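Step one of this worksheet: look at the structure below.
Just so it is clear, none of the values below were taken in a lab; they were calculated from the coordinates. In this text the structure is predicted, and so the values were computed from the model without any measurement. No Cβ is skipped: glycine too gets one built from the backbone with ideal geometry, and neighbour counts run over all protein chains shown.
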Amino acid sequence: MASVFLSPSTQEYNPYVTGNNEEYYANLIADAMEPYLRASGISYGRNDPSGTVSTSIALSNQGSYDLHLAIHSNAAPTNLAGMIRGSDVYYYRDSSNGKRAAEIFANNLKLIYPLPNMVSAVPTTSLVELRRTRATAILVEVAYHDNIEDANWIINNIESIGRNLALSTADFLGVEFVEP
């Protein structure tokens, strides 16, 4: 059975410009994914919201997951706070499966994000959650939580973002996507 480890942000210290925080909204998105994953026959595990990135990696590596999906929202550097928009899907630079997953997720996000030309798959070697997980891993920065338009888009589209990420998961895993 195809499987995914859901790793929504544990960063409660990253505030949204609208109130609340990254951990809160990332977990709502993961919650919204679960009915679609179940309906599509995809098993899943999930991190502990009170944990850290290290405990998320350890939990993921304890299982035999086909995909490790980290769900986050982004923030611009201080000098550009509130001025940047977009969605980035990060993958480990040397992982061909990571690149394939990131491209699937980015292409699907373009279908729902209001500025599709600002969605991209981005190679990196610096993110520990991509480097240290055994499963193919990607990290989705859904949009910028310090930008009012992006923060409101996330807040008002939790269900469609969750559905889109579940659809992308099914696409990557080669599983038929089924509506609950």
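With both bridge residues required to lie in the chain, what share of the DSSP beta bridges run antiparallel, to the nearest 5%?
Antiparallel: roughly 20 percent of the beta bridges in the chain.
Working note: Karplus 6.51/-1.76/1.60 with θ = phi - 60° gives region 8-24 the couplings x, 3, 9, 9, 5, 7, 9, x, 7, 4, 8, x, 6, 8, 4, 4, 4 Hz, where Gly and Pro are set to x. Which cross-chain or sequence-distant (5 or more) residues have an amide H under 5 Å from the amide H of GLY45, H modelled 1.01 Å from N in plane? Here the answer is VAL4, PHE5, LEU6, since their amide H atoms fall under 5 Å of that of GLY45. Pick out which of SER60, SER43, SER126 has the largest mean-square fluctuation in a Gaussian network model of the chain, springs linking Cα atoms closer than 10 Å. For the chain, modelled as a Gaussian network with Cα springs under 10 Å, the answer is SER126. With the charge dipole of region 42-133 set up from +1 on Lys and Arg Cβ and -1 on Asp and Glu Cβ about the Cα centre, the Cα lying farthest toward the positive end among the listed residues ASN61, LEU127, VAL89 is that of VAL89. On alpha carbon coordinates alone, what is the Rg over Rh value for the chain, Rh being the Kirkwood radius? Radius of gyration relative to Kirkwood radius: 0.93. This model, with +1 at the C-beta of Lys and Arg and -1 at the C-beta of Asp and Glu, gives region 118-160 a dipole about its Cα centre of some 420 debye.
Taking only DSSP H segments of four or more residues, each worth -39500 (n - 2.57), what value at 222 nm results for the chain once the sum is divided by all its residues, to the nearest 500 deg cm²/dmol? Intermediate values should be presented prior to the final figure.
Details: 6 runs with 71 residues, N = 180.
After summing the helix terms and dividing by residue count, I get -12000 deg cm²/dmol.
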